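The structure under discussion appears below in the form of structure tokens.
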Amino acid sequence: MLIMLIFLILSIVFLIITAIYVNYKKKSSNNLKQVSNQPKAEKGKSKGKKNLSNILQIKIKDNIICLGNRYSTVVRLGNIDYNMLSNKEQEAIENILIQTALSIDYPIQFFSTTEYIDTSKIISVIEENKTTNENIKKYKNYLSKYLQDLMENRSISIVKNYAIISYDGLYENASEELNRRTASFKGNLLRANIVCDTLNENELYNLMYRELNKNSALSIKKEMEGDQKLYVGKKQKEKRN
């Protein structure tokens, strides 16, 4: 009788321990499922936020394009009417350009593209100049409208040339080194009466936006409100059209 009572007590204790163990295993498996599901949710969330600048890993800060450990500035090259120069002037410019090319000991790329005429800056200057003369006002309105129509005429384009000057290294040294290289390059071309200017941050975004949206008439100002969207997808174009 005593032995049976002992076995009965042991059986009850065993059942209690088994129930506790099974309950503990269920809780552990649920926690593991929650932990394993969290990264997937975050991954899906981050995937939805990706845009072209994330994919290309391009960042633009001040007037510098950052791509990995390469930092670049873009210089817009001026034009000269070479054919209108005398033979002596042409020879002098050729010598200067040869000397400039020989002095380049850093990565540089030359880039040509066609761009639509942008007269917005000239229109802004015209509108800022106030006058009380009615004849001048009429002329201003006529000129502004003409320049606006010229800008909206998508069949008219001009060729623009750029030089992309690069530096490979640390970001701490990039700004100073790029400024030195850019100043030297622009100074050499100025000797040949070629005036150049460095693109600022907004101009860099505009250039990249135009190149990635060649057939789009959308304005970058509308696309970049709150975010640097470099590319407009087909659905976005159709929605705005």
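Could you tell me whether S157 is in contact with a Phe, Trp or Tyr (Cβ under 7 Å, 6 or more places away or on another chain) and either surrounded by 10 or more Cβ atoms within 10 Å (Cβ to Cβ) or closer than 30 Å to E211 by Cβ (or both)? So that I can check it myself, show each step before the final result.
Values: in contact with a Phe, Trp or Tyr (Cβ under 7 Å, 6 or more places away or on another chain): yes; either surrounded by 10 or more Cβ atoms within 10 Å (Cβ to Cβ) or closer than 30 Å to E211 by Cβ (or both): yes.
In short, yes.
For R191, indicate whether it is loosely packed, with under 15 Cβ neighbours inside 10 Å and among the basic types (K, R). Lay out the reasoning, then the answer.
Numbers: loosely packed, with under 15 Cβ neighbours inside 10 Å: yes; among the basic types (K, R): yes.
When the stated conditions are applied, R191 passes them.
Summed over region 89-104, the residues that are exposed (fewer than 13 other Cβ atoms within 10 Å of the Cβ) and within 30 Å of R210 (Cα to Cα) give a count of 1. For first residues located in region 179-200 and over 22 Å from D81 (Cα atoms) and in the same structural domain as I98 (by TED's automatic domain parsing), partners that are of a type outside the set (K, R) and at pLDDT below 90 and lie 6+ apart or on another chain with Cβ distances below 6 Å form the pairs N200/N63. Checking each residue in region 64-85 for being closer than 20 Å to L189 by Cα, modelled with pLDDT under 90 and polar (S, T, N, Q) picks out N79, N83. Checked against the criteria, I98 counts as assigned to a helix (DSSP H, G or I), at pLDDT 85 or above and β-branched (V, I, T).
The values are calculated or read from the model by the stated rules, or taken from the named source; none is laboratory data. Since the model is a prediction, treat every value here as computed from it, not as a measurement. As a convention, Cβ positions derive from the backbone with ideal geometry for all residues, glycine included, and neighbour counts pool all protein chains shown.
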